[in-house]
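Asker: Below: one structure in structure tokens.
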Amino acid sequence: MKRFLLFLLTLVVAASVFAGGRQAASSSKGLVGVVMPTRSEERWNKDGNAVKEGLEKLGYAVDLQFSDDDIPTQLNQIDNMITNGVKVLVIASIDGSSLGTQLENARAAKIPVISYDRLLMQSPNVDYYVSFDNYKVGRQMGQILVNGLKLDNPPKRPINLELFAGSPDDNNSVGFYQGAIDVLKPYMDSGLVRVPSGQIERTVIGTLRWDAAEAQKRMENLLSRYYSGDVILDGILSPYDPISLSCLEACKAVGYGSTAGKPLPLVGGQDCIVASVKSIMQGDQYATVLKDTRSLGAATVELVDKILNGQTITGLDTSSYPNGATVNGRAYVVPSLLLDSVIVTKDNVQKDVIDTGYHTRAELGL
Ligand code: GAL
């Protein structure tokens, strides 16, 4: 009996959620589905809210979902959105290659798909990609180390670096890594920069799901295995602020920053999260790359609106992002809108982070 009542209750709740969705959609210009990977990272909350608020301002109803980095949950959310008749899907994937069936279903239902920040891979059913120039972001990550370690004004001894990359199932990791390595390679080839662990390949230095705890463990292992005696770690290539902060923690735990001759290694990062900007102001993390989620959100909102109004989309890059699929025997290149990113150090926090309102002084504890 209890079970039956529970079943009835579930049915009633499901029906009212469904009806609610329909009602919201029918009193608006249409329902747009937005899926983000996780709430546990600062940026995806900002991204999701920016897209939702922007679309709602234009009169659309928005179904915004997060999936705690769980792939089956994300797939279910997309299935439900398709069933509920969304007009456009905006997807920031967890694993870019895992959505083939959902993308096929979206195409069959004539729902345009926008790949948000992370490229959806191995499928021709992706209409647009909105992101930053990820290769350039990678070059900025490398440039942070060149600037901070003054590699063009060579120090008297070789510089020891360890390298971290992003999640292997996220295509962004490829651009970030390639850009950074292209900048660092000449210094590695000349012998000025060494990687004492010898761990250089992207697949070896990757961090599944961008997990900062996993990166911290790897950093601890590297320090205990390769850094003893007078071998000091000078710098870390980091693709993501939480990874930068956890690597710094691992270094502090073995005396970096508190022992003579062992300053904290120089670390960059990405995403300009509050904790990293605070760390930059304190002089621990050296820099980060700011990818303004508000601009990405605004570009996406504009794109959705243009698609639904049948307007022509201009300014698309049609050569940078093949996604591994083929159409009529040719590599499919996803038409992309690519935004610019900015390196942030202590010197431009005021101008590029505070004055633009990206973070307030209060958020930064200033
Ligand atoms: C990447 C994204 C980065 C960072 C990372 C971890 O795809 O480009 O900016 O947010 O995911 O979430």
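The values are calculated or read from the model by the stated rules, or taken from the named source; none is laboratory data. Keep in mind the model is a prediction, meaning the values are calculated, not measured. When we count neighbours, we look across all protein chains shown, and the Cβ atoms used for this are built from the backbone with ideal geometry, even at glycine. Protein only, heavy atoms only, side chains kept; ligands, DNA and RNA dropped before computing areas. Shrake-Rupley method; radii C 1.70, N 1.55, O 1.52, S 1.80 Å.
Asker: With the condition being more than 16 Å from the ligand (Cβ to nearest atom), I'd like the strands (runs of 3 or more DSSP E) fully within the stretch 92-186 carrying at least 3 qualifying residues.
Answerer: Ranges flagged: 159-163.
Asker: Moving to a separate point now. Can you name every residue in the stretch 210-235 that is open to solvent by 60 Å² or more (accessible area, probe 1.4 Å), modelled with pLDDT of 95 or more and assigned to a loop (DSSP other than H, G, I, E, B)?
Answerer: Once the filter is applied, which keeps residues that are open to solvent by 60 Å² or more (accessible area, probe 1.4 Å), modelled with pLDDT of 95 or more and assigned to a loop (DSSP other than H, G, I, E, B), the stretch 210-235 yields only ASP211.
Asker: Out of the stretch 236-254, which residues are open to solvent by less than 60 Å² (accessible area, probe 1.4 Å) and among the aliphatic types (A, V, I, L, M)?
Answerer: Within the stretch 236-254, ILE236, LEU237, ILE243, LEU245, LEU248, ALA250 meet the criteria.
Asker: Any idea how many residues of the stretch 163-209 are at pLDDT below 95 and buried (at least 20 other Cβ atoms within 10 Å of the Cβ)?
Answerer: 0
Asker: Name the residue, out of THR38, THR101, that is closer than 23 Å to ASP170 by Cβ, open to solvent by less than 60 Å² (accessible area, probe 1.4 Å), hydroxyl-bearing (Ser, Thr, Tyr) and not assigned by TED's automatic domain parsing to the domain that holds GLY166.
Answerer: Only one candidate passes the filter, namely THR38.
Asker: Among the listed residues ASN160, ASN147, identify the single one that is open to solvent by less than 20 Å² (accessible area, probe 1.4 Å), over 22 Å from TRP44 (Cα atoms) and over 22 Å from the mean Cα position of the chain (by Cα).
Answerer: ASN160
Asker: Hey, another quick one. What single numbered condition from (1) assigned to a helix (DSSP H, G or I); (2) within 24 Å of SER97 (Cα to Cα) fails to hold for LEU248?
Answerer: The failed condition is (2).
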